Amino acid sequence: MSSSEQTVDNMAAGSVHKVIFEHQGVFIQLSSDEEAIEQDLLISGSLQVIDKDGEILVEYRPLEDTVDLSNILCAGKDSSSVMGCTQGPGDRSHQLLETQQSYETEWDMVNAVSFKKRPCTNGEGSLNHSHERSRWAFTFSVSDLRSITVKEEGWAFLICKLKDSSTPLPVLHFHQGGSREFLDSLRRFALLTECPDDGTCLLVSTPNKALSQSFENLLDDNSFGLVHKFRKDPYVTTLGGFSKVTNYIFDALRGTEEQHQRPPEEVADLLGEVIPGLEINQQEEPGFEVITRIDLGARPQVMRREPLSAEDWTKHQDPEGRMVNVSHLKQVIFKGGLCHAVRKEAWKFLLGCFPWDSTLEERKALQRTKTDEYFRMKLQWKSVSEEQERRNSRLRDYRSLIEKDVNRTDRTNRFYEGIDNPSLVLLHDILMTYCMFDFDLGYVQGMSDLLSPILYVMENEVDAFWCFVSFMDQMHQNFEEQMQGMKTQLIQLSTLLRLLDLAFWNYLEAQDSGYLYFCFRWLLIRFKRELSFHDVLRLWEVMWTGLPCHNFHLLVCCAILDSEKQKIMEENYGFSEILKHINELSMKLDIEEILQKAEGICLQIRSCKDLPHSVSAILGFGTEVSGSNPTDCESAAAPRATQQQDACSNRHLRETSSHNSCKVAFRL
Amino acid sequence: FLGIHMEKKKTSLLKVILLGDGGVGKSSIMNRYVTNKFDAQLFHTIGVEFLNKDLEVDGRQVTLQIWDTAGQERFRSLRTPFYRGSDCCLLTFSVDDNQSFLNLGNWKKEFIYYADVKEPEKFPFVILGNKLDVVERQVSTEEAQQWCQENGDYPYYETSAKDAINVAVAFEEAVRRVLAIDERTDHFIPTDTVKLHRKPRSAATCCS
């Protein structure tokens, strides 16, 4: 029996529930005409989002009924056998939930609204009989959902409307918070876009898996599930998963046997259903994409300029050595970068090691303390005896990997080439000292790539160390245990790409590549392996200006993908071919061309009037004026206190973006 | 869609994955095998890469898709999704690094867990002790052989990617092991249904 048949059997036989979201204390209000006696009778209950055999359901159960459901929840959480079928190693959803819950503090305002729950006494009769209570339970499929209207009156309440408007749903009152988390959980499976006429109304379209695609399940073969859904509900499935189907059909037509072992009649059926769709896809009939398509307008052509010369740099200094007209200076650096002679000094400002308004004297004093501090930390690992190290496995592991990686970093660059090159010792010592500076993080592969260009420019151990520390402040999250920085960036990139190029985004989705894994190396070490050494220097100094928007490096990704999408789609690359193609772009990219395009994309997005808030939040549009006070840097360790705000921009943005996405739901 | 085994005489695509501590030489082994080159200055791997290699083993055409990953613990969540659908796993250590040898068991466990292997005791692992060219060994041949014997009677090869010793042999053995399992499976399938079938693997069907 072929394995695809097995899948059919299993899908038919076993029923798999997975609770994606659960929130207690959601209230429904019984409307007065139904319950004339109790005019504003409120029922408390639990709201869940459930993955039932791949169908996403929203389920509301009044309080007493939730006991049973919580059992289901436990089973779903604890037993991987229950949820293992579709998700693989299964703690991802909990992690997601946990991150969502970590936003909870922002909801103090909502939660603080006192709300007195109406006691449910026997005297109130009918509601205590479980069958009566369960009268108020309801379930609907996310794919049947037309829109959700978000209102707030001290607490948030949501009005869900189904496509079939004849069955109105009770209003959901989130007296105990959780509405945003609920919407977030839906966003994992559906696209919620603001209705053009009414900002409080979110239009729902499904399916949309990319943003939720965890790394764990990225290889799950879900094309069957899609076809299954498509047959059930071609219209809804078409919206999000369209290219998935067309791609499947293209494969079937080309007769690539590997991919599908379906009975001929099934393929024939499917063809019959899909062929009209094929036309629609090719012609991009607006009816199908109207919800997500935003007209971005033409992309402006921009010009790059010459690098800033040493002379121009000096002109921006006052007699005491303070940098003046800094915003103009940054603009020039953004447009053309720096000539190499200026880098050694200018990078310290760009990275925030030196305040722009410090005098030469102040900088000399700073340099002295920083030098002392560096050597104090260096001495710490230098003075660890063999005995001690034997009992310190973490230090041992850091050292062992640093030794290995230093010998494998930029060895073809003249600065690092040859045996016993002193630069290698510096690279090693700085990384070891960084372990002392931040022992929790220690050394993670990729960090030597970030240090190497900095050391090359600084040609000085202490300066290179502190510049590296500043750069690591921006990159820290990429390397942390949970790699949250990477996950956040991949999601943000996906959001941007979907706005810029829905067709390509859909294509990637259809190839199980919507989570953009192939951009991992780009993001982890900021294109260090993709560009020639000197282009890396150029890109990094341009990025460090913090112009022209937050997260400009994500637009750099978009610019590169924009240049590659034609090849990828024309060649009909699949999952592994896309990965291979992107990996092989390394050292073939032209940085000036990419920067030009990325800036054009930034201007193009900025001039768009109906920009989704998620996008403005990522790029920091609308936060530049009011939100530029770098108080978020307070948490930085003492040596980081001298940093300027642009070195903090990432951390800062994370703050503002969570506030902003909060506004998406509760702007009014 | 990976690792599809089709009618005999046609090319089979086999997915092989190289696992082991950072710096044991996974990328060098892959490059030696596929391009027959060795570059001591090669970067350490960030993320995931793969190369294809066509070969013929015992009269059968095979395309090997060799996956190479970043070895550091931290990158686990980014590497493990690629385990699924593997037909064979090459567990690699370096003979001059005892710790990398001690970690073999962890790599095996990680692979079995994330690759969702149905019958771990039957899964074809091949063990490679690389850097045979290095003078100062920390792991003896006997130790390594003993581990292989005790952990599932795995074939063991001492390789040198640098000096091109035993690399091709090890990959060919890996292919033989995979094909041998196929043969056995074939016998259990009524002959009239065997035209095109997936090898018993997990990427597409996860609840059989």
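The values are calculated or read from the model by the stated rules, or taken from the named source; none is laboratory data. What you are looking at is a predicted structure, and each value in this text was computed from that prediction instead of being measured. Ideal geometry is used to build each Cβ from the backbone, glycine not excepted, and the neighbour counts take in all protein chains shown. For accessibility, only protein heavy atoms count, side chains too; no ligands or nucleic acids. Shrake-Rupley method; radii C 1.70, N 1.55, O 1.52, S 1.80 Å.
Taken along the Cα-to-beta-carbon direction at a fixed 7 Å, the label points for A:GLN29 and A:LEU585 span 5.1 nm. Probe radius 1.4 Å, ligands and nucleic acids left out: can you give me the accessible area buried at the B-A interface, summed over both chains, in Å² to the nearest hundred? For B against A, buried area totals roughly 4600 Å².
For region A:484-619, the alpha-carbon radius of gyration amounts to 0.99 times the rule-of-thumb value 2.2 N^0.38 Å expected for a compact globular protein.
With R₀ fixed at 30 Å, the C-beta to C-beta distance from A:THR412 to B:GLN146 puts the FRET efficiency at about 0.15. The per residue volume of the convex hull around the alpha-carbon atoms of region B:12-187 is 109 Å³. Start at zero, step by 10 Å, and the Cα-Cα distances of region A:359-473 spread as 13, 45, 32, 9, 1 percent across the bins. The distance between label points at B:LYS109 and A:ASN392 comes to 2.7 nm (points 7 Å beyond Cα on the Cα→Cβ vector).
Shown is the FRET efficiency for A:LYS609 and A:SER327, computed with R0 = 25 Å from the Cβ-Cβ distance and rounded to the nearest 0.05: 0.45.
Counting Lys and Arg as +1 and Asp and Glu as -1 over every other residue whose Cβ lies under 11 Å from the Cβ of A:VAL384, the net charge comes to +2. Multiplying the residue separation of A:LYS315 and A:ARG376 by 0.36 nm and removing their Cα-Cα distance gives an extension gain of 18.3 nm. Compared with the alpha-carbon gap, the fully stretched path from A:GLU577 to A:GLU362 is longer by 72.0 nm at 0.36 nm per residue. Across region B:12-187, the relative contact order, built from alpha-carbon pairs under 8 Å that are at least six residues apart, equals 25 percent. Computed from the Cβ-Cβ distance with R0 of 56 Å, the FRET efficiency linking A:VAL425 to A:ALA298 stands at 0.60.
Cut-off 17 Å, label point 7 angstrom out along Cα-to-Cβ of B:VAL134: give me the residues of region A:385-415 whose amide nitrogen falls inside. Label zone hits: A:396-409. What separates the Cα centres of region A:139-171 and region B:35-67 is a distance of 53 Å.
Using alpha carbon centroids, what distance separates region A:544-608 and region A:357-420, in Å? After rounding, the separation between the Cα centres reads 34 Å. Residue pairs exceeding 31 angstrom between C-alpha atoms, taken from A:LYS382/B:LYS37; A:LYS18/A:LYS151; A:LYS348/A:LYS580; A:LYS528/B:LYS162; A:LYS404/A:LYS567: A:LYS382/B:LYS37; A:LYS348/A:LYS580; A:LYS404/A:LYS567. Amide H contacts of B:VAL57 (H built 1.01 Å from N, in plane; Pro and chain starts excluded): B:VAL62 sit under 5 Å, all sequence-distant by 5 or more or on other chains.
Peptides A:509-518, B:156-165 ranked from most to least packed give A:509-518, B:156-165, packing being the mean of other C-beta atoms within 10 angstrom over each peptide's residues.
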